[in-house]
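Step one of this worksheet: look at the structure below.
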Amino acid sequence: MTSDFAPDLAEFRAEAASWLNHALSTEFPNLRGVQNHLDHIEERRAWERALGDARWSCIGFPAGYGGRDATLAQQVVFAEEYARAQAPVRIGHIGVELIGPTLLAFGTPEQKDRFLPDIAAGRAIWCQGYSEPDAGSDLAAIRTHARLNGDRYIIQGQKIWTSWSMFADWIFVLARTAQGSAGRRGLSFLLVPLRRPGITVRPIRQITGEAEFAEIFFDEANSRVADRIGAEGEGWKIAMALLGFERGASTLSQQMNFRNELTAVIAAARARGRLADPLIRHRLVDAHIGLTIMRASALRMLASSAQGTLSNAGYTYKLYWASWRRNLGELAMDVLGQDGECADSDGRFHELTRLYLASRADTIYAGTNEIQRNIIAERALQLPREPRGP
Ligand SMILES: Cc1cc2nc3c(=O)[nH]c(=O)nc-3n(C[C@H](O)[C@H](O)[C@H](O)COP(=O)(O)OP(=O)(O)OC[C@H]3O[C@@H](n4cnc5c(N)ncnc54)[C@H](O)[C@@H]3O)c2cc1C
């Protein structure tokens with residue numbers, strides 16, 4: 001997993017590896033290898049703060065906001081070492097990778113000062129309020145609205161599938177601020193404190209048996225006008241830029257972790273004598289090839305000046321990694337055989353069964369495979385728009 005992309009970064013790599021391994025062996029031994037989003041939440045809050053204290057949380061942020069001004073190569077190296085150390089999936093992800101870069105690109109100096117240091121220090125956990133019951137793929141159909149009242153917006157409406165909102169401190173909300181508007185016009189991008197009167201978070205249980213996401217009801221909830229990113233009515237532009245970060249560079253660390261998942265599938269196949277099966281071998285080799293292609297694709301996208309925009313590379317990348325991981329989940333189940341379908345006496349499934357179940361969502365969130373294909377058809381291949389239904 002060593003990056004040939006940055007051979008001159010040995011010292012930086014050693015410093016990152018040393019800090020991660022020390023922290024995970026001393027203060028946070030329970031967190032090594034934790035993949036599940038809901039396990040050990042309080043410890044993982046402490047982990048986010050520890051990363052922040054050591055300035056390993058948001059290394060790409062400017063130093064003035066708690067980052068390290070890290071180069072692209074350093075960010076790749078850190079992501080590799082993070083995965084190698086089997087550090088936990090980050091509950092700070094949405095703040096660090098989505099709203100942080102969006103604030104850096106579009107926030108006012110006051111907004112950057114107000115929000116970025118808390119994200120970098122692990123003090124504020126964020127979640128994403130885009131989807132609504134009748135607005136998922138067709139995001140522009142959102143109905144949650146916000147009306148101006150002095151220096152506040154009063155928000156009314158509902159969001160759904162909001163990951164990690166059960167423990168997040170803040171949410172960014174795409175809301176309709178122009179009364180009577182429709183589609184992409186009249187939307188604004190609001191930053192809203194989540195633990196306030198007028199906001200109810202109701203968890204939704206998913207296929208894994210856990211509730212990693214929730215529906216959120218806003219009933220006269222309020223946010224400050226000063227916490228709107230971009231001008232009133234410019235919400236669509238900001239929301240799409242954030243999606244560019246979400247579908248692109250933000251998945252770097254997740255992708256480095258795919259290598260660990262493939263290694264676990266190979267180990268399970270070895271333990272069960274399945275490595276002699278030519279079809280299993282074939283699929284393992286294909287998975288390895290897919291990882292190699294993904295890595296090259298990620299580096300190409302990260303190095304591009306179009307980072308954070310929905311570039312052609314970004315469209316294919318999301319579709320590719322999501323399909324790759326869904327296939328890995330299916331391979332894992334074929335390797336496990338019946339073991340994969342039985343829970344232990346505590347009702348817990350094998351880690352690879354959890355991978356399989358969780359991977360079913362990869363081709364849905366951040367834009368479904370069908371939507372990614374439509375976008376590729378229209379924007380990359382210049383095909384005519386798909387016919388709309390009646
Ligand atoms: C695990 C998970 C976490 C999530 N976390 C968040 C979150 O934190 N914040 C948030 O805002 N949202 C989140 N989402 C929601 C996610 O973004 C939506 O589920 C997704 O955009 C699809 O929207 P939908 O569920 O309304 O499905 P729909 O849009 O109703 O789609 C249903 C099916 O129809 C297909 N379809 C729809 N339109 C077209 C079309 N024009 N052409 C071809 N096929 C089409 C879709 O591909 C899909 O297969 C999460 C979802 C999951 C599964």
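The values are calculated or read from the model by the stated rules, or taken from the named source; none is laboratory data. Computed from a predicted structure; not experimentally measured. Using ideal geometry, Cβ is built from the backbone for each residue, glycine included, and neighbour counts are taken over all protein chains shown. Just the protein is used for accessible areas: all its heavy atoms, side chains included, with ligands, DNA and RNA removed. Shrake-Rupley method; radii C 1.70, N 1.55, O 1.52, S 1.80 Å.
Just one of the listed residues (Val34, Val96, Val77) is under 13 Å from Ala121 (Cα atoms) and out of contact with any strand residue (DSSP E or B) (no Cβ under 7 Å at 6 or more places or on another chain), namely Val96. For the range 179-191, the criterion of being closer than 29 Å to Leu116 by Cβ, near the ligand (Cβ under 9 Å from one of its atoms) and open to solvent by less than 20 Å² (accessible area, probe 1.4 Å) is satisfied by no residue at all.
Report yes if Phe218 is touching a Gly at 6+ places or on another chain (Cβ under 7 Å), touching a residue at least 24 places away in the same chain (Cβ under 8 Å) and crowded, with 20+ Cβ neighbours inside 10 Å, otherwise no. Judged against the criteria, Phe218 is a match.
Can Leu252 be described as closer than 30 Å to Phe61 by Cβ and within 13 Å of the ligand (Cβ to nearest atom)? For Leu252, the condition - closer than 30 Å to Phe61 by Cβ and within 13 Å of the ligand (Cβ to nearest atom) - is not met.
Residue-wise test of (1) away from the ligand (no atom under 16 Å from the Cβ); (2) outside the structural domain of Ala264 (by TED's automatic domain parsing); (3) closer than 17 Å to Gly235 by Cβ; (4) open to solvent by less than 40 Å² (accessible area, probe 1.4 Å).
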{"site": "Ala63", "(1), (2), (3), (4)": "yes, yes, no, no"}
{"site": "Gly67", "(1), (2), (3), (4)": "yes, yes, no, yes"}
{"site": "Gly100", "(1), (2), (3), (4)": "no, yes, no, yes"}
{"site": "Ile142", "(1), (2), (3), (4)": "no, yes, yes, yes"}
{"site": "His145", "(1), (2), (3), (4)": "yes, yes, yes, no"}
{"site": "Gly150", "(1), (2), (3), (4)": "yes, yes, no, no"}
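Right, Asp344: of a type in the set (Asp, Glu) and under 21 Å from Val34 (Cα atoms) or not? Against the criterion (of a type in the set (Asp, Glu) and under 21 Å from Val34 (Cα atoms)), Asp344 qualifies. For the range 328-363, give me the residue count where each residue is surrounded by 16 or more Cβ atoms within 10 Å (Cβ to Cβ), under 21 Å from the mean Cα position of the chain (by Cα) and either small (Gly, Ala, Ser) or within 10 Å of the ligand (Cβ to nearest atom) (or both). Result for the range 328-363: 6. Scanning the range 12-52 for residues that are assigned to a loop (DSSP other than H, G, I, E, B) and either under 23 Å from the mean Cα position of the chain (by Cα) or assigned by TED's automatic domain parsing to the domain that holds Ala358 (or both) turns up Phe28, Arg32, Gly33, Val34, Gln35, Asn36, His37, Leu38, Asp39, His40.
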